[in-house]
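To start, the structure itself, in structure tokens.
The values are calculated or read from the model by the stated rules, or taken from the named source; none is laboratory data. What you see is a predicted model, and the numbers here were worked out from it, not measured in a lab. Methodologically, a virtual Cβ is constructed for each residue, glycine included, from the backbone with ideal geometry; neighbour enumeration extends over all protein chains shown. To get the accessible areas, we keep the full protein, side chains included, count just its heavy atoms, and leave off ligands, DNA and RNA. Shrake-Rupley method; radii C 1.70, N 1.55, O 1.52, S 1.80 Å.
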Amino acid sequence: MEFDQLWQSALGEIELQVSRPNFVTWFKNSKLIDKKEGTALIGLPNNFAKEWVENKYNKVILGTLRGMDDSTKKVEFVVYNERTAQKPTIKSGTKVAINKNDDFGQLSFSEFKVDQVTNLNSKYTLSSYVVGKSNEMAYAAAMAVIDSVGNKYNPLFIYGGVGLGKTHLMQGMGNEVALKYGGKIRVKYVSSEKFTNDVVWAIRNKRMETVKEKYRLIDMLIIDDIQFIAGKPSTEEEFFHTFNALHENNKQIIISSDRPPKFIPTLEERLRSRFEGGMVVDIGVPDYELRLAIIRSKLQDKKAVLSDEIIDLVANKIQKNFREVEGIINKILFYQSRKNGEITAKNVEEIISESSQEPTKNINPNLIIKAVAEFSEIAPLDLLNKSRKKEVAEARQILMYLLREMLQLSYPHIGRRIGKRDHTTAIYAYEKIAREIQKNPALNQKILIIKELISKG
Ligand code: ADP
Ligand code: MG
């Protein structure tokens, strides 16, 4: 019990030192198992997490624990989860027994309450969607669609910058329709990445019919971030057919993108004109009033109170992207709870500047190579040359996948760049990873982390 409390306070400190996604990913299921003779033993739910935390956060953890109790000299890590029968302990003078456990599947994220059938996350509701000048058109169109699914604005195309509330609005529509029509209207939400993966999988496995059927049984298809399917010809082709099949039958289609159809450069002309044939609305940059209202509504959700001065500060600092508002509010509340309600404007500014490091816009192949190399601990040259070592093979496939997925480089180019290979090797690598990430949460996790490394440059 005492360990639990100690670890909870340590986590509080750690949370302020690492980014939100890292904190959630790596520390969520961590535990202080034992502490004696200056050594703290930290348990992590699987080998992958253990290695990662050991390599990346050893110093942070040691520093934090030492700050709380200066007799702490060392931190050791083990794989441990509640279900493991025997609880490891630190035995004086002996090495800690490490439970080899490669079960990656158990990284659990309880905040993702995603419906298995619709793929909708129940946290996105229309009642929690705040409307202001910048999104009132989009909201009005959304309401009209809900009233008359498939018949009014079809497709509804919503565009706007990152973090302005497209996903929230579309998922809110989906949840509302599912609720209002009690399953009579079958809703499905997919990211364009998921759609692409389905198509790639179907082509490789000659199961196109299965995928066609799956999508054509839907009454309301919500497809998020469509710009990512642009330039992938077989996916565009399949989407075009799915679109037509649904549209002809008055099934509702809702699409989002970071820009209007005419500015998606590689989008096939016929798809573009289909999109423009419905209703195109944008979500603009929110004004101060809307930003304030969104912050207040997030606080209300959490039943938390912050002074007007602090709310004003957050609303002024975060102007163009709400994605981080929630994380920042959590940090502020946490900080506040530890300081018995005292939190200064300066504290808040620090929290914000630490949290909102904008991802680098200029992603280039070298950044991707560097991140994959760093993550897999393989020298960049080994990734790029012809080495046939087994451990290099998977990293190289991930690299090819990311070059394609993030930069849309051509397969021949990727092949030439990575080990002077033929374009078929690049296609094979891309398709293999695209398929695997759907089945293998550990791989998916790895890719997310690598992307984060990339965005940090
Ligand atoms: P996008 O899909 O446009 O990148 P999201 O829908 O993911 O943006 O929104 C980012 C965050 O901001 C989410 O947590 C979302 O709930 C919140 N948000 C954005 N707009 C609103 C709004 N109008 N009302 C309430 N929350 C919002
Ligand atoms: Mg989104």
Completion exercise
Reported to the nearest 10 Å², Arg204 has, with a 1.4 Å probe, an accessible area equal to 100 Å²
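Which value, in debye to the nearest 20, describes the size of the charge dipole of segment 254-384 about its Cα centre when Lys and Arg Cβ atoms bear +1, Asp and Glu Cβ atoms bear -1, and nothing else is charged? Could you put the intermediate results ahead of the total?
Working: 19 positive and 21 negative charges, 59 e Å.
So the magnitude is around 280 debye.
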Handout entry: Crossing angle, helix 423-439 versus the chain [Cα axis fit, 0-90 degrees, rounded to tens]
Key = 70 degrees
Exercise for the section: Mind scanning Lys317/Lys339; Lys74/Lys113; Lys50/Lys386; Lys133/Lys184 and naming the pairs with a C-alpha gap bigger than 27 Å? Expected result: Lys74/Lys113; Lys50/Lys386; Lys133/Lys184
Completion exercise
Rounded to 0.05, the calculated FRET efficiency for the beta carbons of Glu349 and Glu37 at R₀ = 45 Å is 0.65
Completion exercise
Extension length gain for Ala304 and Asn440 (0.36 nm per residue less Cα distance), in nm, is 45.2 nm
Exercise for the section: Return the carbon/sulfur percentage of the accessible area of segment 365-456, one whole number, probe 1.4 Å, all protein chains in place. Expected result: 54 percent
Completion exercise
Other residues with Cβ under 9 Å from the Cβ of Gln227 give, with Lys and Arg +1 and Asp and Glu -1, a net charge of -1
Problem - Charge dipole magnitude, Cβ of K and R +1, D and E -1 - the chain, Cα centre, debye nearest 20 - result: 1300 debye
Exercise for the section: For segment 288-355, just run the numbers: alpha carbon Rg, then divide by 2.2 N^0.38 Å, N being how many residues it has. Expected result: 0.99
Practice task
Hey, for a label at Lys386 modelled as a point 7 Å past Cα toward Cβ, could you say which residues of segment 415-439 have their backbone N under 12 Å away?
Solution key: 419-422
Exercise for the section: Distance from a point 7 Å along Cα→Cβ of Ser122 to each backbone N in segment 301-315: keep the residues under 19 Å and list them by number. Expected result: 301-303
Handout entry: 22 Å tail of the calculated P(r), segment 126-283, as % of Cα pairs
Key = 37 percent
Practice task
Write down the radius of gyration of the chain and its Dmax, each obtained from C-alpha positions, in Å.
Solution key: 24.2, 74
Handout entry: Sequence-distant aspartates and glutamates (8 or more away, or on other chains) whose Cα lies within less than 15 Å of Lys232
Key = Glu193, Asp198, Glu268, Glu269, Glu405, Glu431
Problem - Segment Glu326-Asn55, length gained on full extension (0.36 nm per residue, minus Cα span) - result: 94.7 nm
Problem - Sites Arg338 and Met143 - FRET efficiency at Förster radius 30 Å, r taken between beta-carbons, to 0.05 - result: 0.10
Problem - In sequence order, calculated HN-Hα J values of segment 323-338 (Karplus, 6.51, -1.76, 1.60; Hz; x Gly/Pro) - result: 3, 8, 4, 5, x, 5, 4, 4, 5, 4, 5, 5, 4, 4, 5, 7
Practice task
List, in order, the whole-Hz ³J(HN,Hα) value for each residue of segment 270-278 obtained from phi through the Karplus relation with A = 6.51, B = -1.76, C = 1.60 and θ = phi - 60°; use x for Gly and Pro.
Solution key: 5, 6, 4, 6, 4, 4, 6, x, x
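With a 1.4 Å probe and all protein chains in place, put Glu176, Glu276 in order of accessible area, largest first.
The most accessible residue leads, giving Glu276, Glu176.
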Problem - Amide proton proximity set for Val75, modelled H, under 5 Å, gap of 5+ - result: Ala40
Fill in the blank from the handout: With x for Gly and Pro, the residue-by-residue ³J(HN,Hα) of segment 243-258, computed from phi through the Karplus equation 6.51 cos²θ - 1.76 cosθ + 1.60 at θ = phi - 60° and given in whole Hz, is 4, 4, 4, 6, 4, 4, 9, 6, 8, 7, 10, 10, 10, 10, 7, 7
Handout entry: the chain: angle of helix 365-376 to the longest principal axis, Cα-based, in degrees nearest 10
Key = 40 degrees
Problem - Net length gained if the chain between Val285 and Lys212 were fully extended (0.36 nm per residue, minus Cα distance) - result: 22.6 nm
Exercise for the section: Return the calculated 222 nm mean residue ellipticity for the chain, to the nearest 500 deg cm²/dmol, obtained by summing -39500 (n - 2.57) across DSSP H runs with n ≥ 4 and dividing by the residue count. Expected result: -16500 deg cm²/dmol
Exercise for the section: Measure nothing but the geometry: give the 0 to 90° angle between the long axis through the Cα atoms of 2-15 and the longest principal axis through the Cα atoms of the chain, rounded to 10°. Expected result: 50 degrees
